[in-house]
Amino acid sequence: MSDIIDKMHRVEYKYILTKSQIEYLKDQLKEYMHVDKYGLTSILSLYFDTPDFRLIRTSLEKPKFKEKIRLRSYGLASPYSPVFLELKRKTNGIVYKRRIKTTVNIANNFMNNNGSLPNDTQIAREITFFRDFYQNLKPACLIIYDRIAYVTSTDDLRLTIDNNPRFRFNNLNLTSSLDGQSLLPEGKAILEIKVQGAMPLWLSHILDRGEIRKGSISKYGEAYRKKSQQVLEGMY
């Protein structure tokens with residue numbers, strides 16, 4: 001995963017797929033896109049937040065501008081294997097992502113205000129400013145899913161299907177387990193379409209024929225909602 005670009009901006013569309021829609025979409029995409037070289041990959045994203053969950057609570061209010069920070073690994077990480085510390089911002093429907101390659105140990109020390117990120121780059125400075133601005137950011141939620149990505153010969157369109165999305169609010173690390181509580185009903189998956197400009201007409205037709213309708217879902221946001229509901233139910 002070392003060749004993944006470290007900054008990007010794009011429009012993202014999200015959908016919830018049923019099992020039959022997943023199979024339909026895979027079949028339809030054969031003519032236009034191909035699975036990327038990584039194939040099916042388990043992705044772990046550890047989100048950092050304030051003790052009162054300020055970042056995700058703000059995000060769920062659907063403001064015009066919102067931002068998150070997470071530490072991501074492709075498969076289980078070791079303390080010294082490559083991971084990516086990512087700053088993700090969304091404004092007026094456009095997603096801007098900045099990421100820096102590091103290790104679990106370095107990233108954890110950095111987020112605990114012990115040490116700095118590798119290389120004094122603009123991206124490292126942006127992430128450092130974010131950490132210092134919010135202060136006291138701690139591991140808050142771990143999101144895990146099994147992703148298959150489709151690409152074209154250019155970089156302007158990327159489509160991902162995230163199977164078995166799950167989460168946990170304990171054991172918050174990238175190194176010990178792929179286990180978690182299901183985020184969606186069994187058999188459903190999350191489709192994300194990421195495009196630099198307008199969505200291709202052929203893809204719009206595929207979605208229409210499959211009755212695949214655009215939705216709105218944030219994996220961290222949905223996990224936070226479920227956790228909050230569980231807490232409320234436990235009070236009664």
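The numbers here are math on the coordinates, done by the rules we state, and not lab data. Small disclaimer: the values here were computed from a predicted structure and weren't measured. Glycine also receives a Cβ, built like all others from the backbone with ideal geometry; neighbour counts cover every protein chain displayed.
Numbers below:
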{"quantity": "Ranked E233, E23, E86, criterion: other C-beta atoms within 10 Å, fewest first", "calculated": "E233, E23, E86"}
{"quantity": "Anchor K30: lysines whose Cα lies under 24 Å away (excluding residues fewer than 8 positions away in-chain)", "calculated": "K14, K19, K188, K194, K214"}
{"quantity": "Whole-Hz ³J(HN,Hα) from phi, Karplus 6.51 cos²θ - 1.76 cosθ + 1.60, for the range 26-32, glycine and proline x", "calculated": "4, 5, 5, 6, 4, 6, 10"}
{"quantity": "Where chymotrypsin sites (Phe, Trp or Tyr not before Pro) fall in DSSP loop in the range 79-173, at most 13 other Cβ within 10 Å", "calculated": "Y80"}
{"quantity": "Solution diffusion estimate, µm²/s, Stokes-Einstein, the range 5-97, Kirkwood Rh from C-alpha pairs, 4 °C, viscosity 1.567 mPa s", "calculated": "80"}
{"quantity": "The range 154-236: trypsin sites (Lys or Arg not before Pro) in DSSP loop, at most 12 other beta carbons within 10 Å", "calculated": "R213, K214"}
{"quantity": "The range 7-234: projected area of the alpha-carbon convex hull, averaged over directions, in nm²", "calculated": "13.0"}
{"quantity": "Residues whose placed amide H lies under 5 Å from that of S42, excluding near-sequence neighbours", "calculated": "G75, R147"}
{"quantity": "Estimated dipole of the range 7-234 in Debye, rounded to 20 [Cβ of Lys and Arg +1, of Asp and Glu -1, Cα centre]", "calculated": "460"}
{"quantity": "For the range 124-236, the Rg and Dmax computed from alpha carbons only, in angstrom", "calculated": "17.7, 55"}
{"quantity": "Distance in nm between pseudo-label sites at E186 and E211 (7 Å out along the Cβ direction from Cα)", "calculated": "2.3"}
{"quantity": "Placed amide H near C141: partners under 5 Å, 5+ positions off or other chain", "calculated": "Y47"}
{"quantity": "Using θ = phi - 60° and Karplus 6.51 cos²θ - 1.76 cosθ + 1.60, couplings along the range 57-72 (whole Hz; Gly, Pro as x)", "calculated": "5, 5, 4, 5, 7, 6, x, 5, 10, 8, 8, 9, 9, 8, 10, 10"}
{"quantity": "Calculated FRET value between T50 and T18, using beta carbons and R₀ = 41 Å, to 0.05", "calculated": "0.70"}
{"quantity": "Convex hull volume of the range 54-111 per residue (C-alpha atoms, cubic angstrom)", "calculated": "91"}
{"quantity": "Approximate spin-label separation D120-D132, in nm, with each point projected 7 Å along Cα-to-Cβ", "calculated": "1.2"}
{"quantity": "For I206, I190, order by how many other beta-carbon atoms lie within 10 Å, fewest first", "calculated": "I206, I190"}
